[in-house]
Amino acid sequence: MRRLLAALVVSAAACGPRGILSRADLRTQVDALAAQGDSIGLAKLAARQCNHGSATAKVNCYEEYFVSVARSDRVRLALGALAALAKDLPEVALEGHGYTHVIGIRAWKPDLDVATVFKGCTGLFQSGCYHGVIQAYLLEGKVGPIDSTRAANLCDQVAATGKEMWLRFQCVHGLGHGFEMVNNWDLPKALKDCDWLPSPWDRSSCYGGAFMENAVASMPGGHHTAMHVLAAEKVLDSTKGPAAGAGHDMPGMAMPSTPDLKAITFKMRDPTDPLYPCSAVDTTYQFACYQMQGGMILTGVKGDFARATAACDRVGAPLLRAQCYLSLGTNASGWTVQNTPLVIQDCLHGDPAYQPFCFVGAVKNYVDVTANPEDGLAFCRRMDPGVNRDHCYNAVGEEISVLYRDPDQRQAACLKAGGDGEAMCRIGAQLPEKKQ
């Protein structure tokens, strides 16, 4: 995700340079297509409107476009348009998680029931829509200050403990993102807020969200998504003429004013230490931190997986080193946009004893992107037989155990692995050994 500049079309003509619509005409077309439930039409309109100029300009435009499309009663429609757009444009798929955050943030308003809006999201692109709803809920001052009671109760409204664990994970993970933002990206404070949650599982999932937010927002060109979406909404709702500042990368586009952000006092990353902030936080948080550290490391070594695994090899504790490798696998999946041959090549770097964890991170990301375990099984089938593939199928089983509470559903999902893959999948899915 990059900094949301919230660039807006301000041409006074019905159709500006390169076919870019004016703000009013764009809204008219969006509303007409939305009324028809036409997600494919919305995807095509997005491509015509935004597939121009520099890479940064495209991201800005697509983010702004989904601010204009999404609201509580159009969440599924917006996500459908994004999914259709991403099929044809790999650069959209690469930024898909960020766009789903935008849709979730835009969807929730203080007069709406947060659980209802939350459940309107889907698992598209690592479930960013869910996380965005929680971020908006925490950032919108009208709901009152967040405290330990409200934090603990929020996810109970969405998915009670012991039920719909996949959905509950999205909520508590989203809390981590939100705590980072409400604390002005002060990571230690956000982690302390995660400690409000009652169970170790909830807390660990929340820590992961806080570390992810820290990593993404601190990347070169990183952005404070929710703040800028809220600012963009104000501009979209404005009836005033063109905003000042036209003349950016795309003709007729301009950046609206955004809220003043306090100076961020916490050092979010350290270019001299690829293991920071994991090397600096309390041991309580290190396990969750290393699960998210891959992006930090790879950014510093310009995507060189040989150097990245060497950085992970510096982690002393074997359990934490394994999580570092796992995080590299997660990023191998994301950076290549699930290009399986490239992901396999990336994960074959480093210490063979820890390579399986890279494959675990990769295949879990395959499943996380779509919430479909068959995508993970297809990845495992492409691997050579051996310990790495065994871990791969086991990891898909673990994802299945979170996605499905019903043992029959878990069994049906693992059955599709076939052969030895099914046996390893069943172990991960907490199913008994299949009788011969």
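The values are calculated or read from the model by the stated rules, or taken from the named source; none is laboratory data. Not measured: the values here are computed from a predicted model. So basically every Cβ, Gly included, is an ideal-geometry build from the backbone, and we count neighbours across all protein chains shown.
A few remarks follow.
- Residue check for R23: surrounded by fewer than 19 Cβ atoms within 10 Å (Cβ to Cβ), more than 24 Å from P90 (Cα to Cα), touching a residue at least 60 places away in the same chain (Cβ under 8 Å) and not aromatic (F, W, Y): no
- Residue satisfying condition, being at pLDDT 90 or above and either surrounded by fewer than 24 Cβ atoms within 10 Å (Cβ to Cβ) or among the small types (G, A, S) (or both), within set G176, G162: G176
- For segment 68-92, the tally of residues that are aliphatic (A, V, I, L, M) and at pLDDT below 90 stands at 0.
- Residue satisfying condition, being more than 27 Å from W201 (Cα to Cα) and of a type outside the set (D, E), within set G397, G418, G376: G418
- Selection within segment 399-424: residues that are among the acidic types (D, E) and part of a helix (DSSP H, G or I). The member of this set that is nearest to G128 (Cα to Cα) is E399.
- Annotation: of all residues in segment 267-305 being of a type in the set (G, A, S) and in contact with a helix residue (DSSP H, G or I) (Cβ under 6 Å, 6 or more places away or on another chain), the one that is nearest to G361 (Cα to Cα) is G294.
- Among the residues of segment 187-221, those identified as surrounded by fewer than 19 Cβ atoms within 10 Å (Cβ to Cβ), at pLDDT 90 or above and under 15 Å from I264 (Cα atoms) are P188, K189.
- M181 modelled with pLDDT under 90 and part of a helix (DSSP H, G or I): yes
- Set Q135, Q157: member being in a helix (DSSP H, G or I), at negative phi and surrounded by fewer than 18 Cβ atoms within 10 Å (Cβ to Cβ): Q157
- Test: P277 is in contact with a Cys (Cβ under 7 Å, 6 or more places away or on another chain) and either surrounded by fewer than 24 Cβ atoms within 10 Å (Cβ to Cβ) or at pLDDT 95 or above (or both): yes
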